[in-house]
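What follows is one structure encoded as structure tokens, with my remarks underneath.
What follows draws every value from the coordinates through simple rules; no lab data is involved. Note that this is a predicted model, so its numbers are computed, not measured. Here the Cβ is made from the backbone with ideal geometry for all residues, glycine too, and neighbour counts use every protein chain on show.
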Amino acid sequence: MKVEVVYIAYDGNKFDSPVECKEYEDRALSLMNELKSHTIFFDAMKQPILCHATAIENIMAWFYMAFTECWYININMELSDDLIDFIEDDLGLIFPPNKVGLYKYDYNEDEWVSAD
């Protein structure tokens, strides 16, 4: 008989070590906390879509919901390249230009445009 222990992160990625798994999740949590600190998502009525979660699983669930339901994103401080890469490369989403300002999603052109 063989026993295999695998550590599974919030997104299903598997690790042989609990330390590697925790570092992976801590990185994602740090990036999502940066996003929560420096952006505000708004729905079509310009009501904020807020996140009160602290666990990475819940923050990621909020993020996917907020990102699909938002019409506007306000960026109040330039975001790190790591965060932009995480959103665009790891999560496969299109984010507004990384400049301070209010952006609206143009569903006709499939792109974020300035709403300032």
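Annotations
- Pairing residues of the range 32-58 that are in contact (Cβ under 8 Å) with a residue 40 or more places away in the chain with residues that are surrounded by 15 or more Cβ atoms within 10 Å (Cβ to Cβ) and in a strand (DSSP E or B), at Cβ distances under 8 Å and at least 6 apart in sequence or on separate chains, gives HIS38/ILE75; THR39/ILE73; THR39/ASN74; THR39/ILE75.
- Tallying residues that are charged (D, E, K, R) and in contact (Cβ under 8 Å) with a residue 40 or more places away in the chain within the range 79-116 yields 1.
- The number of residues in the range 65-91 that are more than 22 Å from ASN108 (Cα to Cα) and not β-branched (Val, Ile, Thr) comes to 13.
- Residue count for the range 62-99 under the criterion of being surrounded by 13 or more Cβ atoms within 10 Å (Cβ to Cβ), aliphatic (A, V, I, L, M) and farther than 19 Å from ASP11 by Cβ: the result is 3.
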